[in-house]
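The structure appears right after this line, and notes come after that.
Read the figures in this text as sums done on the coordinates, not as results from a lab. Every value quoted in this text rests on a predicted model; they were computed, and no experiment measured them.
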Amino acid sequence: MDKINHDVFKNLCVVSAPSGAGKTSLIKKICSSEKISVCVSETTRKPRKGEINGTDYIFIDEKEFLLRVKKEIYIEHALVHGNYYGTSIDSVSQLLNKDKVVILEIDYQGAEIIKIRFPLSRHIFVLPPSLKILEKRLRERGTDPEDVILKRLENAKIEISKAQHYDYILVNDDFQLAEKKLLSYVLDTDMAIDEKNRKEPLIDKDF
Ligand code: 5GP
């Protein structure tokens, strides 16, 4: 990361969530602000219906991914639900150098690496109101077969157990309120500063 002035890392923002918590929809909403950009990850997962290469992800095969790992192209990478995902150094640097707040939509393994490498980065975890609601959302979106849904639900329990390590925990119950809060956390405005370290409790015994 030699190409970057290190002050810009305060503009790096990690957002994690279990699948189906509504993270991607929330991020799409707040990205209408021109101050914010999302870094497009690379993955070996097959595209879902409607996903566009280069917009949702850069879709590559496993051989190419592992070659890129060897070449140290990624700032972080991880195996998530059986597929590889990684954030390239170049894509992050380009956005940070444009003076944007850059969102990395990544899992907890990647988040841990980013926190160690860039302690100034802000980390936000999006929770569903409960595991039952998460399951309902995963089934209703209809993008994944049953075995994938079951794997993602099982992994959700591990992911949720990591939420306490994030700077902010956001429960996506009321979408509009969650959108407002996410925007304030990402832009580090007054509302976020007030809520820093006042994490919302993991209310549902389901968790
Ligand atoms: P999905 O396949 O549903 O789009 O994403 C599955 C999981 O992979 C999500 O938790 C998502 O945040 C995570 N993910 C997406 N891109 C990256 C990445 O570049 N690095 C890491 N570590 N996780 C990622």
Under 26 Å Cα-Cα from Lys136, which lysines qualify once same-chain neighbours fewer than 8 residues away are excluded? Lys23, Lys28, Lys29, Lys46, Lys49, Lys151, Lys157, Lys162, Lys180, Lys181, Lys199, Lys205
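Pull out the extension gain between Arg45 and Arg139, defined as 0.36 nm times the separation in residues minus the alpha carbon to alpha carbon distance; nm, one decimal.
Numbers: separation 94, 0.36 × 94 = 33.84 nm, distance 1.90 nm.
Full extension of this stretch gives 31.9 nm more.
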Nearby lysines by direct alpha-carbon distance to Lys98 (threshold 18 angstrom, same-chain neighbours under 8 apart not counted): Lys3, Lys10, Lys35
